[in-house]
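Take a look at the structure below.
Computed from the coordinates by the stated procedures, all read-outs in this text should not be read as laboratory data. Just so it is clear, the structure is predicted and the values come from calculations on it, not from any experiment. Please note: Cβ atoms are built from the backbone with ideal geometry, for glycine as well, and neighbour counts cover all protein chains shown.
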Amino acid sequence: MRIDIVSIFPEIFEPVLGGSMLGIARDKGAVEFAVHDLRDWTDDKHRTTDDYPFGGGPGMVMKPEPIYRAVRELASRDPRRPFVVLTCPQGRRLDQRLVEELAAKERLLIVCGRYEGVDDRVRDIVDLEVSIGDYVLTGGELPAMVIVDAVTRLQPGVLASPASAEEESFSWGLLEYPQYTRPASFEGRDVPPILLSGDHKRIAQWRRLEAIRRTALRRPDLLASADLTDEERAFAERIIEERSDQAKGPCSD
Ligand code: ADE
């Protein structure tokens, strides 16, 4: 997969894209990154990328021309048509399902918006606007890094064990089950004995139930779309009921 990023702060990407897992993914050839300075597509002496909003109001708005030129030129540099993403707080909220959709593209071109806004005509050349959550950042650079990280780790050959992508939080539509490593006993806290049993079938069953328990307790909203058997759903409902009984306490009702 190839990922192009267009930003007015291209230098802030290098430590992230070159480090740890992303750097390894790049070195292995699983993904190719290229970061571009939007100012390279300006045509004035000051390399201006923003301007005052028509109609007045606070803040500046990103001009359309440099973004149009950048997207068109970068698209033409490679035969694979890029899927163009604009990072902005009004976009589709990023979740693991969207990460999987983006990870399946041959090529992404991410345009980093600035928080005051982008000329609305830019939306005509964008395939998808993406938000990383309901809060406002100063710009789209951190969201772009989040997207790149989440998408890169799903590329074939990037994770040491592809099973870890399948088993982790959200890929079952559930939160991840509790994990432990050595020592088996630490400050009086013992690892659940089943994990030391070597019985892989029972361990898998335990993990699945613990993932359901954790999801029921922490993110019950995820259960509606999780793929559960009738028995598992009943288990989740029991966990939620038990918790609300506990919350009521012995003297209530
Ligand atoms: N730009 C500013 N805030 C953002 C957010 N939450 N997601 C994506 N882009 C943004």
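Taking a straight line from the alpha carbon of Lys105, these lysines sit under 19 Å away, with near neighbours fewer than eight places off in the same chain left out: Lys28. Only one residue of Pro183, Trp172, Val146 has its Cα farthest out toward the positive end of the dipole of the chain, where Lys and Arg carry +1 and Asp and Glu -1 on Cβ, and that residue is Pro183.
To the nearest 10 degrees, how steep is helix 230-248 against the longest Cα principal axis of the chain, on a 0 to 90 scale? That works out to roughly 80 degrees. Loop only per DSSP, at most 15 neighbouring Cβ atoms within 10 Å: give me the trypsin sites (Lys or Arg not before Pro) in region 1-92, ordered by residue number. In loop regions of region 1-92 (DSSP not H, G, I, E or B), the sparsely surrounded trypsin sites (Lys or Arg not before Pro) are Lys45, Arg47, Arg77, Arg80. Taking a ≥ b ≥ c as the square roots of the Cα gyration tensor eigenvalues, region 125-253 comes out oblate, since a/c reaches at least 1.5 and a/b does not exceed b/c.
With respect to the chain, whose longest principal axis is taken over its alpha-carbon atoms, helix 141-152 is tilted by about 60°. The gain in end-to-end length when the His200 to Leu217 segment is fully stretched comes to 3.6 nm, 0.36 nm per residue minus the alpha carbon separation.
Ordered from longest to shortest, the equivalent ellipsoid semi-axes for region 2-152 are 25, 17, 15 Å, each the square root of 5 times a Cα gyration tensor eigenvalue. Entry note, the chain: the mean residue ellipticity at 222 nm calculated from DSSP H runs of n ≥ 4, each adding -39500 (n - 2.57), is -11000 deg cm²/dmol after division by the residues and rounding to the nearest 500.
By how many degrees, between 0 and 90 and to the nearest 10, does the Cα long axis of helix 200-218 differ from the longest principal axis of the chain? Once rounded, the angle reads 70 degrees. Annotation for region 18-54: chymotrypsin sites (Phe, Trp or Tyr not before Pro) lying in DSSP loop with at most 14 further Cβ atoms inside 10 Å of their Cβ are Phe54. Among Pro192, Pro58, Pro183, the residue with the largest mean-square fluctuation in a Gaussian network model of the chain, with springs joining Cα atoms closer than 10 Å, is Pro183. Computed from point charges on the beta carbon alone (+1 for Lys and Arg, -1 for Asp and Glu), the dipole magnitude for region 11-106 about its Cα centre is near 260 Debye. Just to be sure I follow the definition: excluding the sites themselves, where is the longest run in the chain that has none of the GluC sites (Glu not before Pro) in a DSSP loop with at most 14 other Cβ atoms within 10 Å? Within the chain, the longest run free of exposed GluC sites (Glu not before Pro) spans 1-105.
Check the straight Cα-Cα distances from Lys63 and name the lysines below 24 Å, setting aside those fewer than 8 residues away within the same chain. In chain and number order, the partners are Lys45.
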